[in-house]
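Notes to accompany the following structure.
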Amino acid sequence: METTTTSNNLVEITPKAADKIRQIFEESKHPEQVGLRLGVTGGGCSGLSYKIDFGESKDKDNIIQMSGFKVYIDPKSSIYLKGITLDFQDGLNGKGFVFENPNAKNTCGCGESFSV
């Protein structure tokens, strides 16, 4: 299996998001080879949608080693995710992971889809 290990400059994960991800990993008892998978799929009201899941490394993935977990990003998604910040918010206006994408030209009202 061919993989690419990258530095943290592909995506940024805020400390609050990293803490929440570590908490999820600890509670779910995932095997060691499972990591956080970030991706982009076609769809949504703006054309592209963010995808966040848990899974194993796949061929040619970019791998980011974080403290306590790994992040896997497929090469096609890397083009759209380069420079994003993944945050976790838990305020009155909603709770969950939030993608902040400086490259997005348009985003939908829910923040779950974008276009470049």
Within region 70-86, residues hydrophobic (A, V, I, L, M, F, W, C) and under 13 Å from residue 40 (Cα atoms) come out as 73, 79, 81, 84
Step by step: first the residues of region 79-104, then only those that are among the aliphatic types (A, V, I, L, M) and surrounded by fewer than 14 Cβ atoms within 10 Å (Cβ to Cβ), then the one that is modelled with the lowest pLDDT. Which residue is that?
92
Selection over region 41-92 where residues are among the hydrophobic types (A, V, I, L, M, F, W, C) and touching a Cys at 6+ places or on another chain (Cβ under 7 Å) yields a count of 1
When the residues of region 59-78 are filtered to those that are surrounded by 13 or more Cβ atoms within 10 Å (Cβ to Cβ) and part of a loop (DSSP other than H, G, I, E, B), which remaining residue is nearest to the chain's Cα centre (by Cα)?
74
Given the residues 54, 25, 69, which is the only one that is in contact with a His (Cβ under 8 Å, 6 or more places away or on another chain) and at pLDDT 85 or above?
54
List the number of the failed condition for residue 114; all other conditions in (1) modelled with pLDDT of 75 or more; (2) not in a loop (DSSP other than H, G, I, E, B) hold.
(1)
Looking at the structure I just gave you, is residue 51 assigned to a loop (DSSP other than H, G, I, E, B) and touching a helix residue (DSSP H, G or I) at 6+ places or on another chain (Cβ under 9 Å)?
no
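The values are calculated or read from the model by the stated rules, or taken from the named source; none is laboratory data. Just so it is clear, the structure is predicted and the values come from calculations on it, not from any experiment. No Cβ is skipped: glycine too gets one built from the backbone with ideal geometry, and neighbour counts run over all protein chains shown.
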